[in-house]
Structure formats: C-alpha cells, structure tokens
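**Student:** Once you've had a glance at the structure underneath, I'll fire off some questions.
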Protein chains: 2
Amino acid sequence: MDPHPTRIALIQAAMQQFGRGGFEAASTRAIAAQAGTNISSIAYHFGGKDGLRIACADAVAERVAQVARPLPGLQDRPDPRHARLLLRRLVRRIVTFMIVTPGASDAVAFVLRELAEPDSPVLDRLYTTLVEPRHRALCALWSAATGEPAEAEEVKLAVFSLVGQAVYFRVAAPIVQRRMGWRHYARAEARAITRRMLTNLDRMIGGGDG
Amino acid sequence: MDPHPTRIALIQAAMQQFGRGGFEAASTRAIAAQAGTNISSIAYHFGGKDGLRIACADAVAERVAQVARPLPGLQDRPDPRHARLLLRRLVRRIVTFMIVTPGASDAVAFVLRELAEPDSPVLDRLYTTLVEPRHRALCALWSAATGEPAEAEEVKLAVFSLVGQAVYFRVAAPIVQRRMGWRHYARAEARAITRRMLTNLDRMIGGGDG
DNA sequence: CCGAAAATCAATCAATCGATTGATACACGA
DNA sequence: TCGTGTATCAATCGATTGATTGATTTTCGG
C-alpha cells in the first residue's frame, strides 16, 4: 500500500527512541531493529542519522498541520464569547492529542527533546512550521476573548502559560501519575486534566462564568 | 577550602552536560575535561558514570532543600489572605530560581531530563526528596487559600498546572525567547514572566483582587 | 624526613557507535 | 532473457564509548 513502508517504519521507530532518551542515546541499530530492517536502510533513505532526525521533525510538523486544521472562525474577528468557545475547544483538542492519542506521546516527547536541546539542528524547522503559527493563532483568539492586543507581551506570555501546562502534563507524566495515584493516562485521567485546564482557561481569561 | 574540589567540579560539569543533551549524550571524557581532571577520577569518586548521575540528583535535592526553606506560616492553618500571600511569594521564588539564578538553569535542565526519561534510575530519588514534599506544601497552601480540601484531585492538578507553567518557561526557553523577541532570560524578562504568573495565580485562585 | 593513604595521571581494554562497502534479491521495460 | 534501477542484506571500517589498570603525585600524621 504505502510507497515507502520501510521509510515510515524507520521514522516511527526513530521518533519513539529519540523521544525516550534523546537523540544521541538512540542507536541506529536499535532503530533499524525496531523498524524491522537493516542499519544501512537509514543511510539509504535519509543519508544518515541526522537525516533521520530531520525527517522526524518534518513528519511531526506535517502531522500536526493535518490535525490542527484551519481554525473555524479565525479569519474574521470573533466576538469574545465565540473566541472563548474556540479556545475551550482548542484546549480540549490539545490535551486529548497530548495525553490520549496513541503515538502522539512519542511525537510530543520527540519535539520537547529537540526544544530542550540548546543547538538542535531541527529547532528552527520546528519553530517556524509548528510553534509560531499555532502560537499566533492562539494569541489572536486570546485577544478576541479578552480585548487585549494580540501581539502584546502579556497575551503572548499568557498563551505560553496555557500551553505550558499541557506540555508539562506530558513531559512530567511519570511524576504527575505517581502523585495522582494514576497508573497511566487514559480517558478518565485525560478528562480530569482537561477539566482543570478548562477551569484555568476560564479564570485566566476572566470576565466570563469562571 | 573545599574538602572535595574535584568531586564538586565533576558534579557541576556533569549536571550541565547531562542537562544539555541527556545522560547518554554526555561523555565521561568531556565531563572530566570540563571539570579539569582525569577521566578515572569519575570512577574514583563515584564508581562510574551512573554514580555520577546519582550524585547529581542528590546535589540538586540538597540544593533545593536549602533554597526552599520551611515555609513560614505552614505549620498552622493560615487564613486565605495569608495563604495567597505565601503562594505569591513562592511563585516569585520559583520563577526567580528557574529563570535568573546562575547555575540553576543546569540543575533544572538536568532534573527535567531525568523526569522525562521513562526509566531513569534517579527518578525515584528525585520524586520522594524533591517533588512530593514541595507539591504537598503547595497543595496545603492552595487549600488554605481556596478552602478546597488539600488532597483533592482538583487541587493537586491545579498545583501541577501552576508549576508546569514555570517549568515550561525554562524547558522551552529557546522558543519562548524567540517568540518574545528576547535575547536571553535576564532580570527584565524574569520580571515579565513573574508578573504573568502572578496574574494567573490570582485568577486561578479566584475570590481575591484578581 | 618518612611512609602510608588519598588522589590523579597516561595508557589501554573490550564494546559499541555511525557509516560504508560489495553482494544480493526483486521489479519491470526492452 | 537480458539490462537497469531500487532496496535490503551481512560484513566491516575507523572512531569513540565507559571502564580499568598500574604508575605517579600529593597530602599529612608521626
């Protein structure tokens, strides 16, 4: 079916192992073994380990671009109530994607590892294609919901605060689960996190029903 | 002066390099070189690379234990206004520590790397000595400020949301700085982040002056 | 000044790393 | 039945990894 099954298997395996212990910790042999192919396939398809890293970044960017569709009601200026509704829906989507979507955990872990690396060769790619446009869109919505200017420092930091919470629930999953007495992130746990984050969102925006 | 200068230099260098690219990415040779000593000093002082890892975790735990002193006004049940004041002070302290304190950046990066690692050998140590007691204290304060029971699921998640924001501003520093147009985290930037986080705290707690 | 313990050194070990090689299997048009 | 390009394979390369060794230097009580 797929035109490049080995290529995709390699990306998937690499994304998982890169996300686990970092880029350097993952060996090409282990990646190839998990993908069910030979080591030299990496060089053949991607030119090397670094090429595989870039391919992972592109795969994430493409996937997110598909999931995070053009937000309805962003082209025109939505009224505050509508903006708040869209923000709530987005928070639901983000948390669901990060917590419960199968395979997304690996992608999130991979991205976070790259973001934390001071001189990651794919950081630029991830920022321009993944971080900035989404952050801008969220700022626009936040602006519409609160009336503050979209590119104000306060708004940008507020949006970072919001997504930072979701990111933390993923990156610190072992700790959160242990403290909460959870054995994993499943539907019930995702619901609890979503509820808390929606509460935070409403209160941070203010003015509404809290 | 110091009874173990080489030991301390090794821990400091290791913490930095472990935090940069992860545990496996850091080579013992590079660590020893940065510490200005020989490779075999690692084996002599810590038994090996893993021992150095544990020593780093202990060093962080001890340092945080010193910085995060017993919170004043926690033994008795503070009234809501006092609790909110203590929470605000703690948020200031956390952000300052994470953003601006020299050397703390390495420690934070190291801890986060360990927390993200699924099967880190020092995760247990870090959790029991570092995460849990602080989280419990924050939950108690949150409870006193809001009236909710301290060990309620909602309270625990709220505290995680709060610290998650601060953690994110550190772990995603390259992204945040780029989006904000900042060249680094200095006093002015830390102040902006602190202000936003205090606003978030006030609104999340609710009931107060916002 | 001496001798033992503490600490550091250069040198080397087997193991593993990413990359490369030449051979091989397969599909497809001439 | 060729010839060609794609894709994977086992085998091997030099380099680097963490660990270890034995010698050397430093420290300090007697």
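**Student:** What number do you get for segment B:70-210 when its Cα radius of gyration is normalised by 2.2 N^0.38 Å, N = residues? Display every interim value, and only then the final one.
**Tutor:** Values: Rg = 15.6 Å, N = 141, 2.2 N^0.38 = 14.4 Å.
Normalised by 2.2 N^0.38 Å, the Cα Rg of segment B:70-210 equals 1.08.
**Student:** What's the local net charge at B:A33, with K and R +1, D and E -1, over the other residues with C-beta under 15 Å away?
**Tutor:** Once all neighbours under 15 Å are counted, the net charge is +3.
**Student:** Taking θ as phi - 60°, what are the ³J(HN,Hα) couplings along segment A:161-178 by the Karplus curve (6.51, -1.76, 1.60), each to the nearest whole Hz, with x for Gly and Pro?
**Tutor:** 4, 5, 5, x, 4, 4, 4, 4, 4, 8, 5, 9, 3, x, 5, 4, 4, 5
**Student:** Over all directions, how big on average is the projection of the convex hull of the alpha-carbon atoms in the protein assembly as shown, in square nanometres?
**Tutor:** For the protein assembly as shown, averaging the hull's shadow over all directions gives 22.4 nm².
**Student:** Ranked from highest to lowest mean number of other Cβ atoms within 10 Å per residue, what is the order of the peptides B:173-183, A:48-58?
**Tutor:** So the order, starting with the most tightly packed, is A:48-58, B:173-183.
**Student:** For A:E151, tell me the accessible area in Å² from a 1.4 Å probe, rounded to the nearest 10.
**Tutor:** The value for A:E151 is about 90 Å².
**Student:** Averaged over its residues, how many other protein chain Cβ atoms are within 10 Å of peptide A:127-134's Cβ atoms? Let's see the in-between values first.
**Tutor:** On the way: counts 4, 1, 0, 1, 6, 3, 0, 0.
For peptide A:127-134, the averaged partner shielding equals 2.
**Student:** Another question, then. Could you state the principal axis extents of the C-alpha atoms in segment A:1-67, from the largest down, to the nearest angstrom?
**Tutor:** Reported extents, whole Å, longest axis first: 31, 30, 19.
**Student:** Defining the label point at 7 Å along Cα→Cβ, can you sort the distances from B:E154 to the same site in each other copy, shortest first, in nm?
**Tutor:** Spelled out, the distances from B:E154's label point are 2.7 nm.
**Student:** Then there's this: Averaged over its residues, how many other protein chain Cβ atoms are within 10 Å of peptide A:173-180's Cβ atoms?
**Tutor:** 6
**Student:** Defining the label point at 7 Å along Cα→Cβ, can you sort the distances from A:Y44 to the same site in each other copy, shortest first, in nm?
**Tutor:** 5.0
**Student:** Now a separate question. For B:R136 paired with B:A65, estimate the spin-label separation in nm (one decimal), with each label point 7 Å from Cα along the Cα-to-Cβ line.
**Tutor:** According to this spin-label approximation, the distance is 1.4 nm.
**Student:** Find, among the residues of chain B, the one whose Cβ sits nearest the axis of the rotation taking B to A; state the distance in whole Å.
**Tutor:** Nearest-to-axis residue on chain B, with distance in whole Å, is B:G22, 2.
**Student:** Please compute the average number of Cβ atoms from other chains found within 10 Å of each residue's Cβ in peptide A:113-125.
**Tutor:** 4
The values are calculated or read from the model by the stated rules, or taken from the named source; none is laboratory data. All of these numbers come straight from a predicted model, not from anything done at the bench. Virtual Cβ from ideal backbone geometry, glycine too; neighbours counted across all protein chains shown. Each accessible area value is taken on the protein alone, full model and side chains, heavy atoms only, with ligands, DNA and RNA left out. Shrake-Rupley method; radii C 1.70, N 1.55, O 1.52, S 1.80 Å.
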